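Below: one structure, written as structure tokens.
Nothing in this text is a laboratory measurement; each read-out follows from the coordinates by a stated rule. Source: prediction; values computed, not measured. Cβ: placed from backbone, ideal geometry, glycine included. Neighbour counts: every protein chain shown.
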Amino acid sequence: MATEHKIAASKTHAHSNPALSESRRVSAELEKLIGPAAAGDKRAVSEIVRIVHPLVRRYCGARLGNTAHLHVTADDVVQEILIATVNAIPRYRDQGKSFLAFVYGIAANKVADAFRRSQMHPTYPAADLPDQPCGSAGPEEWALASERRAATRELMKILAPAHREVLVMRIVLGWSAAQTAEAIGTSPGVVRVMQHRALNKLRAELKIAS
């Protein structure tokens, strides 16, 4: 009887939380496909790529933002992640985290690589001169926005990598604690604790800087 109550409660919670239900659905689909894919099923590999592509694209868009200062575009990084994921499938082993968490780990590393390359070889793009006046943001606004993004990235460096990922998923991507937990292979409660500690650390750092 107790088990039946737990199952019913779980179904009710998933039904009332579409984001959690969707996250679990995606993870369940990937878990079904990873075995055949690792065994060499090309159709399963293609299906995995189809499922993770929009998730990876959204993640890279949030992490990279305007890529004018990088040597690669967000789409370039997405392709790198997908290729690395496909290459890693035969070697994948379940170590207590979902395959989706494994993919986000690859994504985090590739995004970090893109930022490292940009620091080693910075670019300074020059826009074409417009034929007529433009009401969009001008060079000064773009420069200020770029400075804010750079300052934010520098500030985020004081956080542990796992805490940075949680803040990106929760604040930038707007994911729920349940979705974030599913992605990194932990519980919503742990995600909330990590977010709380990360924000407190950022606040403390800003107080010191001011």
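Miscellaneous remarks
- Volume per residue that the Cα convex hull of region 155-210 spans, once the total is divided by residue count, Å³: 66
- Each of Ala84 and Arg24 was given a label point 7 Å from its Cα along the Cα-to-Cβ line. The distance between the two points is 3.0 nm.
- Computed from the alpha carbon atoms alone, the convex hull of region 26-66 holds 69 Å³ per residue.
- Residues in region 108-115 carry Karplus couplings, in order, of 4, 5, 5, 5, 4, 4, 5, 5 Hz; the curve used is 6.51 cos²θ - 1.76 cosθ + 1.60 with θ = phi - 60°, and Gly or Pro positions show x.
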